[in-house]
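Shown next, in structure tokens, is the structure this report addresses.
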Amino acid sequence: MSSKIIDRETKSMVRKWIKKMKKKNYPKGKKTGKRAEKKLKLPYKTLGIGNYRIVYDMDNGYVLKVATTKQGIKSNQIEKKIYKKSPRSLQKHLAKVKKSGFGWVIMKKAEEISEKKRYIKKITRLKKKFGKAGIIARDILRNKPIWHNIGKLKRKIVLIDYGKFKITKD
């Protein structure tokens, strides 16, 4: 594999899928994600299929998130924007957006959190920090943390799915 983060063939396969997906206007859900996985035929391990996107392990320290719906395209764009506009003090708690294109985004891969109870207070404080910075951290903490949206990088809590966050002040 080349030293590039994403190769031309992968970009081409994703582009074809996005074009088809936009034309057909697939509904949200895992069924659409499974359809995308089948059509994309990417050479990476699938880490997860959500309502709007499919996530692949690129086996190089990064993950590739591909939109499976129009909302997925929006979520990828939001993650890129949130990462770029967040102050450095908050950026370190976001999985780094390395590269993106229409319908896809490549982010730093985080590890799963095993001792979950230990991090609840930290996540609550982190959500408040984002709020003070004018970013509503939706989909992270309601009554309890949504663990598939949170990971660890070098023992630091990072948000790995912030496609539903909202900037309230620019």
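The values are calculated or read from the model by the stated rules, or taken from the named source; none is laboratory data. What you see is a predicted model; the values in this text were computed from it and never measured. Because the Cβ atoms are built from the backbone with ideal geometry, glycine has one as well, and the counts that use them run over all protein chains shown. Areas reflect the complete protein model, heavy atoms only, side chains present, ligands, DNA and RNA absent. Shrake-Rupley method; radii C 1.70, N 1.55, O 1.52, S 1.80 Å.
Restricting attention to the range 24-42, and to residues there that are under 22 Å from ILE106 (Cβ atoms) and assigned to a loop (DSSP other than H, G, I, E, B), which single residue is modelled with the lowest pLDDT?
For the range 24-42, the residue satisfying everything is LYS41.
Pick from MET1, MET21: which is among the aliphatic types (A, V, I, L, M) and either outside any loop (DSSP other than H, G, I, E, B) or modelled with pLDDT of 95 or more (or both)?
Every option except MET21 fails the conditions.
Filter the range 155-170 down to residues that are of a type outside the set (A, V, I, L, M, F, W, C) and closer than 17 Å to VAL105 by Cα and give me whichever is most open to solvent (accessible area, probe 1.4 Å).
Checking each candidate, the answer is LYS164.
Would you check which residues across the range 113-125 are surrounded by 12 or more Cβ atoms within 10 Å (Cβ to Cβ) and either among the polar types (S, T, N, Q) or closer than 15 Å to GLY48 by Cα (or both) and list them?
Residue satisfying the conditions is THR124 alone.
For the range 96-111, which positions are touching a helix residue (DSSP H, G or I) at 6+ places or on another chain (Cβ under 8 Å) and not basic (Lys, Arg)?
Hits for the range 96-111 are VAL97, SER100, GLY101, PHE102, GLY103, TRP104, VAL105, MET107.
Looking only at the range 75-105, count how many residues are open to solvent by less than 90 Å² (accessible area, probe 1.4 Å), of a type in the set (A, V, I, L, M, F, W, C) and farther than 12 Å from ILE167 by Cα.
6
For the range 50-72, does any single residue satisfy the condition of being closer than 24 Å to PHE130 by Cα, among the small types (Gly, Ala, Ser), open to solvent by less than 30 Å² (accessible area, probe 1.4 Å) and outside any loop (DSSP other than H, G, I, E, B)?
Scanning the range 50-72, I find at least one residue that is closer than 24 Å to PHE130 by Cα, among the small types (Gly, Ala, Ser), open to solvent by less than 30 Å² (accessible area, probe 1.4 Å) and outside any loop (DSSP other than H, G, I, E, B), so the answer is yes.
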